[in-house]
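For reference, the structure is listed below as structure tokens.
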């Protein structure tokens, strides 16, 4: 055992930060493919939707706690709110697809909170020179629109 060997401690949020683009692309791709399986009523779509949306919800939640180089308390809080409400929205969508009770409440709470936090981040993004939160803005506004669309076009949700 050499003294010059250093042991690295694996910090999950740092690993996610290092592989962020690849992980988000893979998660979104899995969600889209599983949603298409649902649309075309392919056997086993429920399992695919459950796994992919749960993974993406966990990813969005953990991504909210990646340290950013922002000095703004409002941006830091809004980013965390986007992650938490984004995961609630994704689980609400999962409940919608699988016809579980509680989907409507999760979509209402998650989508509205996500939209408000996304708009706050968008205003901060437009007024400052920091470009660190662009992914959070795009993700939060798209998820909020998708959640609200499911609330509007599926009125029989419980």
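The numbers here are math on the coordinates, done by the rules we state, and not lab data. Quick caveat: nothing in here was measured; it's all calculated off a predicted structure. Every residue, glycine among them, receives a Cβ derived from its backbone with ideal geometry; neighbour counts consider all protein chains shown.
Which angle from 0 to 90°, rounded to the nearest 10, does the C-alpha axis of helix 103-127 make with the longest principal axis of the chain? On a 0 to 90 degree scale, this one is about 40. Helix 73-98 and the longest principal axis of the Cα set of the chain meet at an angle near 40°. Between the Cα long axis of helix 134-153 and the first principal axis of the chain there is an angle of about 10°, rounded to the nearest 10.
Rounded to 0.05, the FRET efficiency of the residue 47 and residue 72 pair, given R0 = 41 Å and the Cβ-Cβ distance, is 0.50.
Fewest neighbouring Cβ atoms within 10 Å first, the residues 96, 89 line up as 96, 89. In the calculated pair-distance distribution of the stretch 9-81, the portion above 22 angstrom amounts to 37 percent of the Cα-Cα pairs. What's log10 of I(q)/I(0) for the stretch 73-158 at q = 0.18, 0.20 Å⁻¹, Debye sum over Cα points only, no solvent? The Debye formula, applied to the Cα set alone, gives -0.67, -0.78.
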